[in-house]
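Peer 1: Encoded as structure tokens, here's the structure I'll be asking about.
The values are calculated or read from the model by the stated rules, or taken from the named source; none is laboratory data. All of these numbers come straight from a predicted model, not from anything done at the bench. Here Cβ is always computed from backbone atoms with ideal geometry, including for glycine, and neighbour counts include all displayed protein chains. Ligands, DNA and RNA are stripped out before the accessible areas are found, and what is left, the full protein with its side chains, is counted by its heavy atoms. Shrake-Rupley method; radii C 1.70, N 1.55, O 1.52, S 1.80 Å.
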Amino acid sequence: MKKRTFAVDIDGTGAMQLNSSGGAISIGNDAVAQAINVGTGAAARTITMGNATGATAVDINAGTGTITLDTQDGGAISIDAIGAPSNVTLTST
């Protein structure tokens, strides 16, 4: 058996969708320590995760590598809850 190394690039001029009705869609789910980049090209983009339907949740986990949230000078960071208290706790050890 030969091990082959190759790259896959997918470019489209229209919308692209990746869906599964049979299970989770996993990206970067093997034990290889490589970065996963989303929307990192030099273009103005809106990156959307999740939706406001029913019990939809967005779960962000990080180990000791931290979570970094940045904006350019003059940009705002807003964390809001509709119909529930908004809480942001920053703890330094």
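Peer 1: Just one of (i) -0.66, -0.78; (ii) -1.25, -1.54; (iii) -0.59, -0.74 is log10 I(q)/I(0) by the Debye sum over Cα atoms at q = 0.16, 0.18 Å⁻¹ calculated from these coordinates, so which is it?
Peer 2: (ii)
Peer 1: Could you tell me the calculated FRET efficiency between Ala44 and Lys3, based on Cβ-Cβ distance and R0 = 41 angstrom, to the nearest 0.05?
Peer 2: On the way: r = 40 Å, r/R0 = 0.97.
According to the calculation, E is roughly 0.55.
Peer 1: Here's something else I'd like to know. Hey, if you put +1 on the Cβ of every Lys and Arg and -1 on every Asp and Glu Cβ in the chain, which of Ser86, Gln72, Phe6 ends up farthest toward the positive end of that dipole?
Peer 2: Comparing the listed Cα positions along the dipole, Phe6 ranks first.
Peer 1: Continuing with this model, one more query. On the protein heavy atoms, probe 1.4 angstrom, tell me the percent of accessible surface of the chain carried by carbon and sulfur.
Peer 2: Working: 4970 of 9800 Å².
Here carbon and sulfur together make up 51 percent of the probe-accessible area.
Peer 1: Then there's this: Report the residue, chosen from Thr13, Thr46, Thr56, that carries the largest GNM mean-square fluctuation when the chain is represented by alpha-carbon nodes joined by springs under 10 Å.
Peer 2: Fluctuation is largest for Thr13.
Peer 1: So if I place +1 on the C-beta of Lys and Arg and -1 on the C-beta of Asp and Glu, and nothing else carries charge, what would the dipole magnitude of the chain be about its Cα centre? I want it in debye, nearest 20.
Peer 2: Values: 4 positive and 7 negative charges, 92 e Å.
With Lys and Arg at +1 and Asp and Glu at -1, about 440 debye.
Peer 1: Shifting gears a bit: Roll a 1.4 Å probe over the protein chains and send me the accessible area per residue for the chain in Å². Kindly include the intermediate steps, with their values, before the conclusion.
Peer 2: Numbers: 9800 Å² over 93 residues.
Value for the chain: 105 Å² per residue.
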